[in-house]
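Participant: Handing you a structure now.
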Amino acid sequence: MATTEKVMAAGSDLISFTVNGRAVEVSVPGSRRLSRVLRDDLGLTGTKVGCDAGDCGACTVLLNGESVCSCLMAAGQVAGCEITTVEGLVGREPLQGRLQESFLYHGAAQCGACTPGMLVAATALLEKNPAPNEGEVMDAIGGVLCRCTGYRKIMNAIMEAGAGTSMYVSPAAGAAVGSRLVRLDGRKKVEGTEIFGADEVPAAALGVRVIRCPHHRARFEFGDVDQFVAAHPGVMAVLTAKDVPGVDCYGVIPRFADQPVFAHREARYRGEAVAAVVGEADAVEAFRLAEFPVRWEELTPLKTIEDALANDAARIHPHREGNVLVRGRVVCGDVEKALAEAEIVVQGDYETGFVEHAYIEPEAGFARRIGDSIEIQACTQSPYMDRGDIAKILGIAPEKVRIIPTAVGGGFGSKLDLSVQPFVALAAWKLGRPVRMVYSRTESIVSTTKRHPARMRLRASATREGQLMALDFAADFNTGAYSSWGPTVAGRVPVHASGPYRVPNYRALTRAVHTNIVPAGAFRGFGVPQAAIAQEQLYDELADRVGIDRLEFRILNALRNDTPTVTGQILREGVGIGKCFEALRPKWQAAREEATAFNTKTVGPLRRGVGVAGMWYGCGNTSLPNPSTMRIGLKCDGRIAVHQGAVDIGQGSNTIVTQICADAVGAPVARFDLVSGDTAISPDCGKTSASRQTFVTGKAAHMAGTKLRNEILKLAGACDCAAIEFGDGSVTIVEDEKRKGLALTELPLDAHGYVITCEATFDPPTSPLNEDGQGSPYAVFGFGAHMAEIELDIELGTVRVLKVTAAHDVGRAINPTLVEGQIEGGVAQGIGMALMEEFFPGKGENLHDYLIPSAGDVPPVESILIEDPSSIGPFGAKGIGEQAVIPTAPAILNAIYDAVGVRIYKVPATPDRVRAAILAKANGGARG
Ligand code: FES
Ligand code: FES
């Protein structure tokens with residue numbers, strides 16, 4: 001055994017134990033969480049903390065060979081024990097790293113925040129049972145939550161860990177696109193060395209603790225904050241709105257920016273920041289909240305859309321009439337006439353609730369002031385947007401703000417908005433010391449954005465032959481106290497609420513309505529999943545009324561090349577929705593027959609059903625500029641730097657963008673070095689959202705790669721058709737069987753330090769929408785269709801999803817493993833949305849009460865990849881990130897109807913709602 005390492009910290013007990021085979025002694029209070037000792041005192045940050053409450057399993061370690069949550073273990077409990085963290089798994093007998101390799105091979109780590117916990121839990125199993133079955137694996141990882149993968153690839157990786165995996169793809173030059181290349185940033189994730197927002201602490205960093213409003217709406221006054229500071233040794237300052245040197249107003253859409261760093265006199269939602277206490281980390285943590293001098297006067301909040309619309313006198317923002325933030329509108333044809341003259345009309349009201357992002361990594365980061373500049377290292381989906389807002393808040397030029405994105409432990413839209421950044425930046429700016437902040441799970445839930453709850457009313461009509469004739473869609477979205485992405489949701493939904501179908505008469509009107517609730521913002525799909533829940537259920541009703549098979553109804557009405565969309569846009573190519581539905585056809589027929597046979601035979605409370613739903617989703621911003629700029633540089637050693645500013649939040653942009661770039665250059669992927677999205681060294685690739693990175697940044701990478709290839713050929717005086725071979729310190733041009741070498745080491749370096757630097761910008765061609773919402777809002781759409789098979793217990797109201805078959809037109813699957821990962825993860829989130837996830841502001845602000853799917857909730861997912869290419873996208877590719885979540889929930893809801901004949905109009909379809917709908921039907925009604 002190695003020599004004992006002693007770590008002395010302020011505290012009482014000297015505790016000895018073994019970590020990863022190394023004896024350690026720590027001087028800490030015996031009650032200190034083991035997770036904290038490992039991370040803060042021993043620097044083993046591979047162990048993650050997602051909740052500090054035993055709910056997420058991210059902190060799982062081995063204690064004498066058994067997996068335990070280290071956040072629930074006190075340091076005093078592990079005296080004399082043997083602890084193994086993810087760092088200690090590398091090379092550990094008997095697995096010898098095979099599990100990590102299997103994770104890489106299967107694409108089982110996306111963002112990587114759950115990966116250490118998963119690996120440790122799986123190790124505990126595999127060391128006892130080298131060949132576990134699916135049920136045993138499910139049990140072993142049942143306590144570890146993953147928000148990205150849908151668990152299936154993790155389970156496969158664990159079951160196949162024993163097999164050994166020497167099947168890595170190492171594509172040759174020109175063959176990267178389409179290959180199942182292992183995630184380029186994967187190794188750090190499986191070895192526990194990836195740096196997330198909370199994993200680095202600068203020397204002498206101060207802490208900051210935000211004081212948040214405990215009421216949904218309240219006026220407030222501060223007491224004697226100077227006395228508070230004086231009475232708390234180690235506390236150095238209290239920051240409030242008056243300490244904001246620049247403009248105390250930020251927001252992701254500048255035209256609608258309305259959010260202060262600290263509320264001014266009135267807090268508009270529970271969880272809104274009113275002040276920040278800065279000082280030595282221990283001191284900031286130690287004081288009781290009740291000691292902070294603030295007096296609250298609770299006001300009557302407007303919590304629902306109905307309340308807000310009915311109370312103009314109590315406006316949340318004085319200039320927003322009727323509490324309406326913004327309206328959206330798309331109209332074509334004559335919907336009233338079409339409905340009046342229709343042969344068959346159906347209608348319905350649907351409702352969805354708040355959904356929490358629940359990424360495993362809570363927001364975290366630090367800032368430091370360097371002269372008249374500020375540096376912020378934090379988890380973010382949008383470094384350049386952060387830069388702009390922080391510059392405004394501090395009153396300095398954007399060039400004086402450097403944003404260094406860390407690895408992001410899941411985002412799904414919420415990390416597009418600022419979280420810790422303004423607090424650490426202001427504190428570091430004022431105090432001149434580095435300042436760090438890590439949100440607790442509760443702080444993350446109460447203060448960061450949610451999926452918009454929606455209230456939707458629809459009418460639709462069709463001919464007796466099943467031709468869709470009209471859709472009238474009206475929706476209000478609860479956008480919370482500040483604008484965030486409310487305008488985007490209100491603008492995107494009307495374009496998409498038709499679904500991927502030809503609807504000649506259409507009216508979609510939306511409103512984003514302010515309430516005294518935490519802001520709703522971006523969440524995978526920007527409101528389209530909510531609209532799909534309504535429209536896809538209503539289309540099932542329409543198909544039933546017509547008397548036509550529900551899938552055939554969709555195939556009949558599916559958009560095709562050259563048919564106009566509801567905005568009048570005519571897509572000339574790549575409309576792959578028909579192919580998606582057709583790919584489901586044989587499986588649909590078989591599944592329906594199977595469900596019918598089951599229901600005919602069964603005598604107990606179980607019923608089976610099959611549902612289908614379609615989706616389309618425009619990639620990138622709606623009718624707005626949306627550029628990405630990619631820079632690549634040929635280094636004198638023959639390697640190629642990719643300045644990859646498209647933040648990889650787990651979806652795989654680091655790998656996908658490099659694959660595209662490699663094939664454009666004609667060099668093997670192994671030649672490429674990733675340079676991160678640090679705003680000081682990489683150009684702006686825009687935000688990671690709206691399924692735009694493969695399409696937009698990928699295209700910019702393709703253009704930059706092509707330029708580099710051309711520049712090399714030009715330098716060598718060769719023609720376009722010549723081949724390039726990349727070597728160490730040289731390239732060789734092969735033309736007409738002649739070889740010509742270029743010694744890169746002898747060439748001068750440019751301002752970036754490269755032999756050749758190429759930059760390219762791509763902005764998708766779109767057009768503005770007119771007042772009826774007519775125009776071309778997106779250059780490219782992705783399409784998809786899901787089929788869900790479910791089993792429902794009519795006595796309990798519980799629903800179990802047995803299988804999801806997901807067909808997606810991705811244009812070109814740049815990396816099929818990563819595309820499948822997006823689909824499986826999207827399906828898991830769709831299951832959560834359909835069946836269990838609903839956030840009630842002020843209640844259950846933790847991962848114990850807020851339920852997300854665990855391994856046992858996600859069934860096998862069969863992904864069918866359709867490649868109907870776009871001539872605009874790189875190698876034909878479209879997006880997949882948002883698309884994957886949209887059709888799952890409506891397919892499940894349609895399957896519930898198929899099973900028991902009740903419609904669930906308010907989601908999630910929790911057992912009580914399903915049971916109530918079944919009882920209502922039995923009593924003569926059919927509403928859920
Ligand atoms: S951090 Fe320990 S279970 Fe979540
Ligand atoms: S990969 Fe599991 S939480 Fe992101």
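The values are calculated or read from the model by the stated rules, or taken from the named source; none is laboratory data. Worth saying up front: this structure is predicted, and the values here are computed from it rather than measured. All Cβ positions, even for glycine, are placed from backbone atoms using ideal geometry, and neighbour counts span all protein chains on display. The accessibility values were calculated without ligands, DNA or RNA, using every heavy atom of the protein model including side chains. Shrake-Rupley method; radii C 1.70, N 1.55, O 1.52, S 1.80 Å.
Participant: Is it fair to say GLY856 is part of a helix (DSSP H, G or I) and touching a helix residue (DSSP H, G or I) at 6+ places or on another chain (Cβ under 6 Å)? Spell out the reasoning first.
Facilitator: On the way: part of a helix (DSSP H, G or I): yes; touching a helix residue (DSSP H, G or I) at 6+ places or on another chain (Cβ under 6 Å): yes.
Here the answer is yes, as GLY856 does meet what is asked.
Participant: Let me ask something else. Listed residues VAL528, VAL575, VAL513; which is of a type in the set (A, V, I, L, M), more than 20 Å from ALA806 (Cα to Cα) and in contact (Cβ under 8 Å) with a residue 12 or more places away in the chain? Explain how you work it out, then say what you get.
Facilitator: Details: VAL528 fails: more than 20 Å from ALA806 (Cα to Cα); VAL575 fails: more than 20 Å from ALA806 (Cα to Cα).
The unique qualifying residue is VAL513.
Participant: Considering segment 539-563 alone, what residues qualify as being open to solvent by 20 Å² or more (accessible area, probe 1.4 Å), in contact with a helix residue (DSSP H, G or I) (Cβ under 8 Å, 6 or more places away or on another chain) and of a type in the set (A, V, I, L, M)?
Facilitator: Matches in segment 539-563: VAL546, ILE548.
Participant: Something else: Could you list all residues from segment 8-23 that are within 26 Å of GLU280 (Cα to Cα) and at pLDDT 55 or above?
Facilitator: We begin by selecting, within segment 8-23, every residue within 26 Å of GLU280 (Cα to Cα); these are 8-15.
The answer is SER12, ASP13, LEU14, ILE15.
Participant: Only residues that are farther than 18 Å from LEU89 by Cα and within 16 Å of ligand 1 (Cβ to nearest atom): list them for segment 118-147, please.
Facilitator: GLY142, GLY143, LEU145, CYS146, ARG147
Participant: Among residues belonging to segment 146-171 that are at pLDDT below 85 and open to solvent by 60 Å² or more (accessible area, probe 1.4 Å), point out the one that is nearest to ligand 2 (Cβ to nearest atom).
Facilitator: Looking at residues that are at pLDDT below 85 and open to solvent by 60 Å² or more (accessible area, probe 1.4 Å), I get TYR168.
Residue-by-condition table, conditions (1) in contact with a Pro (Cβ under 7 Å, 6 or more places away or on another chain); (2) closer than 19 Å to ASN710 by Cβ:
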residue: ALA743; (1), (2): no, no
residue: LEU747; (1), (2): no, yes
residue: ILE756; (1), (2): no, yes
residue: ASP763; (1), (2): yes, no
residue: GLY782; (1), (2): no, no
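Participant: Got at least one residue in segment 822-841 being touching a residue at least 60 places away in the same chain (Cβ under 8 Å), open to solvent by less than 10 Å² (accessible area, probe 1.4 Å) and in a loop (DSSP other than H, G, I, E, B)?
Facilitator: yes
Participant: When segment 864-923 is examined, which residues are found to be basic (Lys, Arg) and touching a residue at least 24 places away in the same chain (Cβ under 8 Å)? Full working, then the answer.
Facilitator: In the first step, residues of segment 864-923 are kept if they are basic (Lys, Arg); the result is 878, 903, 906, 913, 915, 921.
Residues satisfying the conditions are LYS878, ARG903, LYS906, ARG913, ARG915.
Participant: Just wondering, is there one or more residues in segment 583-606 that are assigned to a loop (DSSP other than H, G, I, E, B), under 25 Å from ALA807 (Cα atoms) and either modelled with pLDDT under 95 or touching a helix residue (DSSP H, G or I) at 6+ places or on another chain (Cβ under 9 Å) (or both)?
Facilitator: no
Participant: Would you check if GLU361 is within 16 Å of ligand 2 (Cβ to nearest atom) and open to solvent by 10 Å² or more (accessible area, probe 1.4 Å)?
Facilitator: Working: within 16 Å of ligand 2 (Cβ to nearest atom): yes; open to solvent by 10 Å² or more (accessible area, probe 1.4 Å): yes.
For GLU361, the condition - within 16 Å of ligand 2 (Cβ to nearest atom) and open to solvent by 10 Å² or more (accessible area, probe 1.4 Å) - is met.
Participant: Could you run through segment 83-109 and say how many residues are within 16 Å of ligand 1 (Cβ to nearest atom) and under 25 Å from the mean Cα position of the chain (by Cα)?
Facilitator: 1
Participant: Separate question: Please go through segment 379-395 and give me each residue that is open to solvent by 10 Å² or more (accessible area, probe 1.4 Å) and part of a helix (DSSP H, G or I), ordered by number. Step through it out loud before you land on a result.
Facilitator: Narrowing segment 379-395 to residues open to solvent by 10 Å² or more (accessible area, probe 1.4 Å): 384-385, 387-389, 392, 395.
TYR384, MET385, ARG387, GLY388, ASP389, LYS392 - these are the residues of segment 379-395 that are open to solvent by 10 Å² or more (accessible area, probe 1.4 Å) and part of a helix (DSSP H, G or I).
The rows are residues; the columns are (1) free of Cβ contacts under 8 Å to residues at least 24 places away in the same chain; (2) within 16 Å of ligand 2 (Cβ to nearest atom); (3) buried (at least 23 other Cβ atoms within 10 Å of the Cβ).
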position	(1), (2), (3)
ALA340	yes, no, no
GLN377	no, no, yes
ALA397	yes, no, no
GLY410	no, yes, yes
LEU426	no, no, yes
PRO434	no, no, no
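Participant: Identify all residues within segment 297-336 that are among the hydrophobic types (A, V, I, L, M, F, W, C) and either assigned to a loop (DSSP other than H, G, I, E, B) or without any contact (Cβ under 8 Å) to a residue 24 or more places away in the chain (or both); write none if there are none. Explain how you work it out, then say what you get.
Facilitator: Looking only at segment 297-336, we keep the residues that are among the hydrophobic types (A, V, I, L, M, F, W, C), and these are 299, 302, 305, 308-310, 313-314, 316, 324-326, 330-332, 335.
Of everything in segment 297-336, those that are among the hydrophobic types (A, V, I, L, M, F, W, C) and either assigned to a loop (DSSP other than H, G, I, E, B) or without any contact (Cβ under 8 Å) to a residue 24 or more places away in the chain (or both) turn out to be LEU299, LEU302, ALA310, ALA313, ALA314, ILE316.
Participant: Moving on. Among the residues in segment 489-503, are any on the phi > 0 side of the Ramachandran plot and open to solvent by 30 Å² or more (accessible area, probe 1.4 Å)? Step through it out loud before you land on a result.
Facilitator: As a first pass, look at segment 489-503 and keep what is on the phi > 0 side of the Ramachandran plot: 499.
Filter once more, keeping what is open to solvent by 30 Å² or more (accessible area, probe 1.4 Å): none.
No, segment 489-503 contains no residue that is on the phi > 0 side of the Ramachandran plot and open to solvent by 30 Å² or more (accessible area, probe 1.4 Å).
Participant: Follow-up question, since we're still on this one. Can you tell which of VAL566, VAL575, VAL528 is open to solvent by less than 30 Å² (accessible area, probe 1.4 Å) and over 12 Å from MET615 (Cα atoms)? Lay out the reasoning, then the answer.
Facilitator: Values: VAL575 fails: over 12 Å from MET615 (Cα atoms); VAL528 fails: over 12 Å from MET615 (Cα atoms).
Checking each option against the conditions leaves just VAL566.
Participant: Could you grab me the full set of residues in segment 70-82 that are within 9 Å of ligand 1 (Cβ to nearest atom) and closer than 20 Å to ARG92 by Cβ? Steps first, please.
Facilitator: So in segment 70-82, the residues within 9 Å of ligand 1 (Cβ to nearest atom) come out as 70-72.
Within segment 70-82, just SER70 meets the criteria.
Participant: Being in a helix (DSSP H, G or I), open to solvent by 30 Å² or more (accessible area, probe 1.4 Å), modelled with pLDDT of 95 or more and under 26 Å from GLN829 (Cα atoms) is the requirement here; does GLU536 meet it? Step through it out loud before you land on a result.
Facilitator: On the way: in a helix (DSSP H, G or I): yes; open to solvent by 30 Å² or more (accessible area, probe 1.4 Å): no; modelled with pLDDT of 95 or more: yes; under 26 Å from GLN829 (Cα atoms): yes.
When the stated conditions are applied, GLU536 does not pass them.
Participant: Can you tell me which residue in segment 45-68 is farthest from ligand 2 (Cβ to nearest atom), limited to those that are touching an Asp or Glu at 6+ places or on another chain (Cβ under 8 Å), over 18 Å from SER31 (Cα atoms) and open to solvent by 20 Å² or more (accessible area, probe 1.4 Å)?
Facilitator: Among them, the one singled out is ASN64.
Participant: Identify, please: which residue in segment 504-516 is in contact with a helix residue (DSSP H, G or I) (Cβ under 6 Å, 6 or more places away or on another chain) and open to solvent by 10 Å² or more (accessible area, probe 1.4 Å) and is, among those, farthest from PRO301 (Cα to Cα)?
Facilitator: ASN505
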